[in-house]
Amino acid sequence: MASPPAALTTLLAKLAATGVDFVLVGGLAAVAQGAPLTTHDIDIVHRRTPDNVDALLAFLSSANARYRGRPGPPLAPARAALLGTGHNLLMTDLGPLDVLGTIEGGRSFEDLLPLAIQIDVAGQHVNVLALEVLVELKRHATSTKDKLNLAILEETLRRRGP
């Protein structure tokens with residue numbers, strides 16, 4: 001894996017050590033596959049089963065997770081929200097973690113897992129969305145940041161070869 005901020009690597013390894021089912025997506029997934037990007041958070045799509053969400057909630061509680069970017073006192077993530085398809089943008093003691101029910105096109109954990117590769121992060125196996133899939137998703141993205149990153153991802157893929 002390339003060199004993301006140490007806290008993000010620690011956060012990712014600790015999450016993986018819990019046995020929570022998730023697929024790493026987004027910038028850190030691209031960095032893990034050699035893309036020269038800067039990222040400041042972790043994006044995951046988790047399995048939205050009650051048992052998995054309960055395990056995820058236990059981890060989030062241990063990491064002091066709370067919703068970021070909202071006014072007022074800190075608000076811990078809610079089970080009902082994690083069972084849904086929405087995005088939960090959280091801050092933990094180790095850094096930002098975006099817990100996503102689905103991503104582009106309504107793709108869930110079950111849709112993404114067959115498209116993932118496994119990498120090792122601090123001795124833990126992590127399912128990471130394959131770079132080819134990340135590129136395809138970015139080709140249909142509308143945000144300026146995603147459009148700018150697309151060229152970097154395509155070049156990384158080209159340099160890797162077949």
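Quick notes on this structure:
- Condition check for Ala63: in contact with a helix residue (DSSP H, G or I) (Cβ under 8 Å, 6 or more places away or on another chain) and among the small types (Gly, Ala, Ser): yes
- Residue in region 62-71 that is under 13 Å from the mean Cα position of the chain (by Cα) and at pLDDT below 95 present: no
- Enumeration of residues in region 113-129 that are modelled with pLDDT of 95 or more and β-branched (Val, Ile, Thr): Ile117, Ile119, Val126, Val128
- Region 99-157, residues that are surrounded by 15 or more Cβ atoms within 10 Å (Cβ to Cβ), part of a helix (DSSP H, G or I) and among the basic types (Lys, Arg): Lys138
- Residue satisfying all of: in region 1-29; within 19 Å of Glu132 (Cβ to Cβ) and in contact with a strand residue (DSSP E or B) (Cβ under 9 Å, 6 or more places away or on another chain); surrounded by the fewest Cβ atoms within 10 Å (Cβ to Cβ) among these: Met1
- Selection from region 29-44 of residues that are in contact with a helix residue (DSSP H, G or I) (Cβ under 6 Å, 6 or more places away or on another chain) and more than 18 Å from Asp120 (Cα to Cα): Leu37, Thr39
- Options Thr85, Thr92: the member that is out of contact with any strand residue (DSSP E or B) (no Cβ under 6 Å at 6 or more places or on another chain) and closer than 21 Å to Leu11 by Cα: Thr92
- Residue pairs whose Cβ atoms lie under 6 Å apart, sitting 6 or more positions apart in sequence or on different chains, and linking a residue in region 38-57 that is under 21 Å from Gly106 (Cα atoms) and among the polar types (S, T, N, Q) to a partner that is at pLDDT 95 or above and in a strand (DSSP E or B), do not occur here.
- Looking only at residues of region 30-42 that are outside any loop (DSSP other than H, G, I, E, B) and crowded, with 22+ Cβ neighbours inside 10 Å, we find that the one that is nearest to the chain's Cα centre (by Cα) is Ile42.
- With respect to (1) under 18 Å from Asp41 (Cβ atoms); (2) surrounded by fewer than 16 Cβ atoms within 10 Å (Cβ to Cβ); (3) touching a strand residue (DSSP E or B) at 6+ places or on another chain (Cβ under 7 Å); (4) free of Cβ contacts under 8 Å to residues at least 24 places away in the same chain, the lone exception for Asn64 is condition (4).
- Residue within region 71-83 that is touching a residue at least 24 places away in the same chain (Cβ under 8 Å), farther than 29 Å from Lys138 by Cα and charged (D, E, K, R) present: yes
The values are calculated or read from the model by the stated rules, or taken from the named source; none is laboratory data. Note that the structure is predicted; figures quoted are calculated from it, not measured. Positions of Cβ are backbone-derived with ideal geometry, glycine not excepted, and every protein chain shown enters the neighbour counts.
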